[in-house]
Amino acid sequence: SAPNVILISLDTLRGDSLSCLGYPRGTTPWMRTFFETEGVRFSNAEAPSTWTLPSHTSLFLSQYPDRHGVTRDFHSVPMAAETLAEHLAGHGYETAAFVDRGFLHHHYGLNQGYETYQQKGGGFRQILPSALEFLEKREGTPPLFLFLHTFDIHDPYAPPNPFRERFLLENMVPTTPEFALPHFDVMREANRGNLELTREDIDYARALYDAQILYVDHELSQFFQSIEKKKLLENTLVILISDHGEGFGEHGFWAHGWTLYEEMTHVPMLMRFPDRSFQGTLVEERVNLVDVAPTLMDYLGYAIPENWQGQSLMPVIRDPELKLDRSTYSQLYDNNAMYQGYLKLIEQKRPNPSKLNEERMPPRAIFNLDLDPYEEKNLIDDAPVDASNEFERLEQTVEVMKRQR
């Protein structure tokens, strides 16, 4: 019979903050067993955008933002678009989603294709019990596509006890009074250059952020223990992703939705297949969230829609040494990043009302991510490729995407 599918989106989770992907702090002990030992990990997954609405739209439509057009906070998913949930429903799946607040509200159209769509708010502490109750009441057929989402890792950084103190050292306190509770308003002022945050502020915020990850990992462990005891996890594919990362002052920026640097684009992508197929696999090839839907359709044996821009990752899951000869993209308003092998090109055109200087946000940048994963050295004047040709190719690709909407 067709397997069940559980897709989990942990909003705002950086790809380099999971202990199951090498982060030194023990942020994800449950994920380490569930995905590192029993599943497949992608160490170089990128988000198609660096804020919630366009990135989730790309996840469900397998199209980059400049293709689907949902790029502003007053946009919504076009009614004519067919989401992943709609495609799976067409193949006989029951579809259900239990999500948090904000851009997951049905007003934005991400509910298209779901028979059950509950926006609970309150994070996983409210969402997961509702999802578990729903699962317990099901009679078992037809196969289920379940989507879970939370803002628990999003600012403000306020992890509940006992998780709050987990990574705070004895002398770890913020020096900026406004930063006692790290939240977006303070980060925005720092991004605009109106407030200078210190190393102590950064360490304090990162400790609280990491504690929120540990809390979410704990909530997921309890949820999956419950459904496993009830034998509701049998014949189920589990996929965990995030829609974007989070900045902590790298390149002068905090939070997300400001730049296309790796701290905001690099995200986790983890999969656990039925019968633990492909367990222990690590894929280092660079992939994108637009690849999730095609991978799922391919695994289930369904045709991949022609207008999807992502690519099935089943070939690299079966053979992690395989190289994908293609470019992938991240897009933020009028800014674009293109990934080609180990190179990343960023072109930033958006007029900046915050008057951010070019040192922090140069119009063009090229980075060798293999040698410089934190993007500290801009190779624009010493690039291993013809920079003008590559940026011209990027611009042409973006224009084609816009014309294909």
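The values are calculated or read from the model by the stated rules, or taken from the named source; none is laboratory data. Just so we're clear, the structure is a prediction, and the values are computed from it rather than from any experiment. When we count neighbours, we look across all protein chains shown, and the Cβ atoms used for this are built from the backbone with ideal geometry, even at glycine.
Taking the criterion of being buried (at least 24 other Cβ atoms within 10 Å of the Cβ), touching a Ser or Thr at 6+ places or on another chain (Cβ under 8 Å) and outside any strand (DSSP E or B), the residues of the range 253-288 that qualify are His256, Trp258, Thr259, Leu260, Met264, Thr265. Pairing residues of the range 145-163 that are without any contact (Cβ under 8 Å) to a residue 60 or more places away in the chain and of a type in the set (A, V, I, L, M) with residues that are crowded, with 22+ Cβ neighbours inside 10 Å and in a strand (DSSP E or B), at Cβ distances under 9 Å and at least 6 apart in sequence or on separate chains, gives no pairs at all. Of all the listed residues (Ile239, Ile304), the sole one being buried (at least 17 other Cβ atoms within 10 Å of the Cβ), assigned by TED's automatic domain parsing to the domain that holds Tyr157, aliphatic (A, V, I, L, M) and in contact with a Pro (Cβ under 9 Å, 6 or more places away or on another chain) is Ile304. Residue by residue through the range 220-244, note down the ones that are assigned to a helix (DSSP H, G or I), in contact with a Leu (Cβ under 8 Å, 6 or more places away or on another chain) and among the small types (Gly, Ala, Ser). Answer for the range 220-244, where residues must be assigned to a helix (DSSP H, G or I), in contact with a Leu (Cβ under 8 Å, 6 or more places away or on another chain) and among the small types (Gly, Ala, Ser): just Ser226. Looking across the range 285-334, the residues that are in contact (Cβ under 8 Å) with a residue 12 or more places away in the chain and among the acidic types (Asp, Glu) come down to Glu285, Asp291, Asp298, Asp334. In the range 361-384, the residues that are more than 15 Å from Asp16 (Cβ to Cβ) reach residues that are β-branched (Val, Ile, Thr) and assigned to a loop (DSSP other than H, G, I, E, B) with C-beta atoms within less than 7 angstrom, at least six apart or across chains, in these pairs: Met361/Thr259; Arg364/Ile380; Ala365/Ile380; Ile366/Ile380. Considering only the range 360-369, I want to know if a residue exists there that is over 28 Å from Val70 (Cα atoms), exposed (fewer than 15 other Cβ atoms within 10 Å of the Cβ), at pLDDT below 95 and not aliphatic (A, V, I, L, M). No, the range 360-369 contains no residue that is over 28 Å from Val70 (Cα atoms), exposed (fewer than 15 other Cβ atoms within 10 Å of the Cβ), at pLDDT below 95 and not aliphatic (A, V, I, L, M). So for the range 119-132 (the condition being exposed (fewer than 13 other Cβ atoms within 10 Å of the Cβ), among the β-branched types (Val, Ile, Thr) and over 20 Å from Arg14 (Cα atoms)), does at least one residue qualify? Scanning the range 119-132 turns up no residue that is exposed (fewer than 13 other Cβ atoms within 10 Å of the Cβ), among the β-branched types (Val, Ile, Thr) and over 20 Å from Arg14 (Cα atoms).
Does the range 22-32 contain at least one residue that is of a type in the set (Gly, Ala, Ser), part of a loop (DSSP other than H, G, I, E, B), modelled with pLDDT of 95 or more and out of contact with any helix residue (DSSP H, G or I) (no Cβ under 6 Å at 6 or more places or on another chain)? Yes, there is a match, as at least one residue in the range 22-32 is of a type in the set (Gly, Ala, Ser), part of a loop (DSSP other than H, G, I, E, B), modelled with pLDDT of 95 or more and out of contact with any helix residue (DSSP H, G or I) (no Cβ under 6 Å at 6 or more places or on another chain).
Annotation note: of Phe179, Phe184, the sole residue that is farther than 30 Å from Gln225 by Cβ, surrounded by fewer than 18 Cβ atoms within 10 Å (Cβ to Cβ), touching a residue at least 24 places away in the same chain (Cβ under 8 Å) and aromatic (Phe, Trp, Tyr) is Phe184.
Considering only residues in the range 187-219 that are without any contact (Cβ under 8 Å) to a residue 24 or more places away in the chain and in a helix (DSSP H, G or I), the one that is nearest to Glu263 (Cα to Cα) turns out to be Arg199. Out of Leu53, Leu84, I need the residue that is crowded, with 23+ Cβ neighbours inside 10 Å, within 14 Å of the chain's Cα centre (by Cα) and within 22 Å of Ala97 (Cα to Cα). Which one? Sole residue among the options that is crowded, with 23+ Cβ neighbours inside 10 Å, within 14 Å of the chain's Cα centre (by Cα) and within 22 Å of Ala97 (Cα to Cα): Leu53. So which residues in the range 340-359 are at pLDDT 70 or above, in contact with a strand residue (DSSP E or B) (Cβ under 8 Å, 6 or more places away or on another chain) and in a loop (DSSP other than H, G, I, E, B)? Passing the criteria: Tyr342, Gln348, Lys349. Taking the range 365-405 as the range and being acidic (Asp, Glu) and in a helix (DSSP H, G or I) as the test, the residues that pass are Glu390, Glu392, Glu395, Glu399.
Residues in the range 8-34 that are surrounded by fewer than 23 Cβ atoms within 10 Å (Cβ to Cβ) and either basic (Lys, Arg) or under 20 Å from Gln112 (Cα atoms) (or both): Ile8, Arg25, Arg32.
When only residues in the range 125-145 that are in a helix (DSSP H, G or I) and touching a helix residue (DSSP H, G or I) at 6+ places or on another chain (Cβ under 8 Å) count, which is farthest from Val216 (Cα to Cα)? Only one residue tops the list, namely Leu135.
Of the residues making up the range 35-42, one or more are assigned to a loop (DSSP other than H, G, I, E, B) and surrounded by fewer than 24 Cβ atoms within 10 Å (Cβ to Cβ).
When the criteria are applied in full, Leu148 fails the requirement of being modelled with pLDDT of 95 or more, in contact with a Lys or Arg (Cβ under 7 Å, 6 or more places away or on another chain) and either in a helix (DSSP H, G or I) or surrounded by 15 or more Cβ atoms within 10 Å (Cβ to Cβ) (or both). Modelled with pLDDT of 95 or more and buried (at least 24 other Cβ atoms within 10 Å of the Cβ): is that true of Leu296 in this structure? Here the answer is yes, as Leu296 does meet what is asked. One residue stands out among those in the range 383-405 that are surrounded by 11 or more Cβ atoms within 10 Å (Cβ to Cβ) and among the small types (Gly, Ala, Ser): the one that is nearest to Thr328 (Cα to Cα), which is Ala387.
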